[in-house]
Amino acid sequence: MSASAFGPAAEPIVIDVWSDVVCPFCYLGNAVLKEAVEQFPHGSSVQVRYHSFQLNPGFPAGEAIPADDYVAQHHGFPKAQLDASHAQLAARGAQSGLDYRFPSALMVNTLDAHRMIHLAKTHGQELPMVERLFKAEFTDGLNLADHAVLADLAAELGLDRAAAMKALETQAYEDDIRADLAQARQLGISGVPFFVFDNKRAVSGAQPIEMFRRALDITWQDRAVSPA
């Protein structure tokens, strides 16, 4: 069989995404990428894979404080500057159907939240779990360090609540999470969201939809196989 039998859609375009559920730009980037894929003529040939990243890995496990307080304390942003940034991000998010409620967002250690993403992945629910965790953080003001909260979110998606609780209590998927973090270091990723298209080109940050569409178009063109 000649190589020409395998056109661009023979294998999906794979987009690897590194993100953290307490990152507001990741929430927006996820939504804009989803829009870009939906608009892409070959969207059915796109596979998005999520990878764990922790913005604040040293944050005490199990604790939670208002995210704005954390940013002010650790990054020294004046309240007016922080409010202006939130307003701009909320306006961009609203265009993508997101409802940011920054005053209720909490800073937590996200390791356990990432366990839920990996659990959901084993049941084909990776993207719904990512989106639910983002909404829980930035709209619902839920504590994503609370095991009961995380297990409830898993149950919302039809996953077994007891299995989710067991995964949290036994610190399941640790190897998978560490592998994601190690790969991020190898790629030199220091900030998220970070998107890698077919292991060839990267998009960093919550870019406009045109940037994602261009990356998809170029990646698809790269997939074209000339007739033998």
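A single entry from LEU106, LEU159 fulfils the requirement of being in contact with a strand residue (DSSP E or B) (Cβ under 7 Å, 6 or more places away or on another chain) and either of a type in the set (Lys, Arg) or under 24 Å from TRP18 (Cβ atoms) (or both): LEU106.
The set of residues from segment 183-195 being within 17 Å of the chain's Cα centre (by Cα) and either among the small types (Gly, Ala, Ser) or buried (at least 20 other Cβ atoms within 10 Å of the Cβ) (or both) comprises ALA184, SER190, GLY191, VAL192, PRO193, PHE194, PHE195. In this structure, does GLY58 turn out to be open to solvent by 50 Å² or more (accessible area, probe 1.4 Å), within 28 Å of ARG178 (Cα to Cα) and in contact (Cβ under 8 Å) with a residue 60 or more places away in the chain? For GLY58, the condition - open to solvent by 50 Å² or more (accessible area, probe 1.4 Å), within 28 Å of ARG178 (Cα to Cα) and in contact (Cβ under 8 Å) with a residue 60 or more places away in the chain - is not met. Within segment 75-95, at least one residue is in contact with a helix residue (DSSP H, G or I) (Cβ under 6 Å, 6 or more places away or on another chain) and among the small types (Gly, Ala, Ser).
Restricting to segment 29-42, count the residues that are of a type outside the set (A, V, I, L, M) and open to solvent by 20 Å² or more (accessible area, probe 1.4 Å). Of the residues in segment 29-42, 6 are of a type outside the set (A, V, I, L, M) and open to solvent by 20 Å² or more (accessible area, probe 1.4 Å). Against the list (1) over 16 Å from VAL192 (Cβ atoms); (2) part of a strand (DSSP E or B), the condition ARG49 fails is (1). Out of GLN125, GLN88, GLN95, one residue alone is more than 20 Å from LEU28 (Cβ to Cβ), modelled with pLDDT of 95 or more and open to solvent by 20 Å² or more (accessible area, probe 1.4 Å). It is GLN125. Within segment 217-225, at least one residue is touching a Ser or Thr at 6+ places or on another chain (Cβ under 9 Å) and either more than 25 Å from LEU33 (Cα to Cα) or without any contact (Cβ under 8 Å) to a residue 40 or more places away in the chain (or both).
If you go through segment 119-145 and pick out every residue that is acidic (Asp, Glu) and free of Cβ contacts under 8 Å to residues at least 40 places away in the same chain, you end up with 1. A single entry from GLU137, GLU174, GLU169 fulfils the requirement of being modelled with pLDDT of 95 or more, over 30 Å from PHE40 (Cβ atoms) and open to solvent by less than 70 Å² (accessible area, probe 1.4 Å): GLU174. Within this structure, ASP198 passes the test of being at positive phi, charged (D, E, K, R) and open to solvent by less than 30 Å² (accessible area, probe 1.4 Å).
Report whether or not ARG101 is basic (Lys, Arg), in contact with a helix residue (DSSP H, G or I) (Cβ under 9 Å, 6 or more places away or on another chain) and crowded, with 17+ Cβ neighbours inside 10 Å. No; evaluated as a whole, the condition is false for this residue. Could you go through segment 2-16 and let me know if any residue there is of a type in the set (Phe, Trp, Tyr), surrounded by fewer than 18 Cβ atoms within 10 Å (Cβ to Cβ) and part of a loop (DSSP other than H, G, I, E, B). Yes; the residues of segment 2-16 include at least one that is of a type in the set (Phe, Trp, Tyr), surrounded by fewer than 18 Cβ atoms within 10 Å (Cβ to Cβ) and part of a loop (DSSP other than H, G, I, E, B).
The values are calculated or read from the model by the stated rules, or taken from the named source; none is laboratory data. Everything numeric here is computed off the predicted structure, so don't read it as measured data. Quick reminder, even Gly has a Cβ in these numbers, built from the backbone with ideal geometry, and neighbours come from all protein chains shown. Accessible surface is based on the protein model in full, side chains and every heavy atom, while ligands, DNA and RNA are left aside. Shrake-Rupley method; radii C 1.70, N 1.55, O 1.52, S 1.80 Å.
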